[in-house]
Amino acid sequence: MTLKTRALPGMLAVLLATCALQVQAAQPPDAMPAAIGHYVFIPASTFVPRDSSAVYQYVGGGCVSAPRGADFVHKLILPQGSVLRYVRSYYKDASANTLTVYVTRYDAAGALVDVGSVTSADGSGYTSGLSADMNYTVDAYNQAYVVNADNVFKDGFDGVDASLVFCGVRVLYDL
């Protein structure tokens, strides 16, 4: 069977128009959500200690354990005007100590504000904690943003079986 090349563009145009009408009928523009959530995941192994003399131990899967008093920080780059919603921390906390993760903003004059936070709960196994809704509009032109993991690892090293292990954070924001 021979297909005439002049007929092909016409048939293709009819087929595409039919498909477009079906898609348009199935999803009217006003049914689409106004904002779609976006995530940034930051493994703990990419955080840096706030004290340059602090050391930490990689325990696998992006997770770290560290000596007493080690606090960690990681930059958070989000689009101008986006809305910070939640921060979720991932950890293993079988100790009496806690891990608190803050989303913090800094201005150029030395001031800082914690926009939101989440604190670990004692338990067994790996788990996560979720902050309250921050509902904070990002001003990337005038502010710098970081994620701080503070008051962590007070028990010190325990190797792979550490009683407090930090595995990372996930930040949800809307555009």
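Taking 30 Å as R0, compute the FRET efficiency from the Cβ-Cβ separation of GLN143 and TYR39 and round it to 0.05.
Details: r = 21 Å, r/R0 = 0.69.
Working from the Cβ atoms, E equals 0.90.
Annotation: extensible slack from ASP122 through VAL55 equals 21.7 nm (criterion: 0.36 nm per residue apart, minus Cα-Cα distance).
Between LYS75 and ALA109, the C-beta separation translates, for a Förster distance of 25 Å, into a calculated FRET efficiency of about 0.85.
Please calculate how many Å² of accessible area the range 37-119 carries per residue, with a 1.4 Å probe and no DNA, RNA or ligand atoms counted.
Numbers: 4010 Å² over 83 residues.
Accessible area per residue, the range 37-119: 48 Å².
Counting charges near ARG170 (Lys, Arg +1; Asp, Glu -1) among other residues having Cβ under 14 Å from its Cβ returns a value of +2.
The values are calculated or read from the model by the stated rules, or taken from the named source; none is laboratory data. What you see is a predicted model, and the numbers here were worked out from it, not measured in a lab. When we count neighbours, we look across all protein chains shown, and the Cβ atoms used for this are built from the backbone with ideal geometry, even at glycine. To get the accessible areas, we keep the full protein, side chains included, count just its heavy atoms, and leave off ligands, DNA and RNA. Shrake-Rupley method; radii C 1.70, N 1.55, O 1.52, S 1.80 Å.
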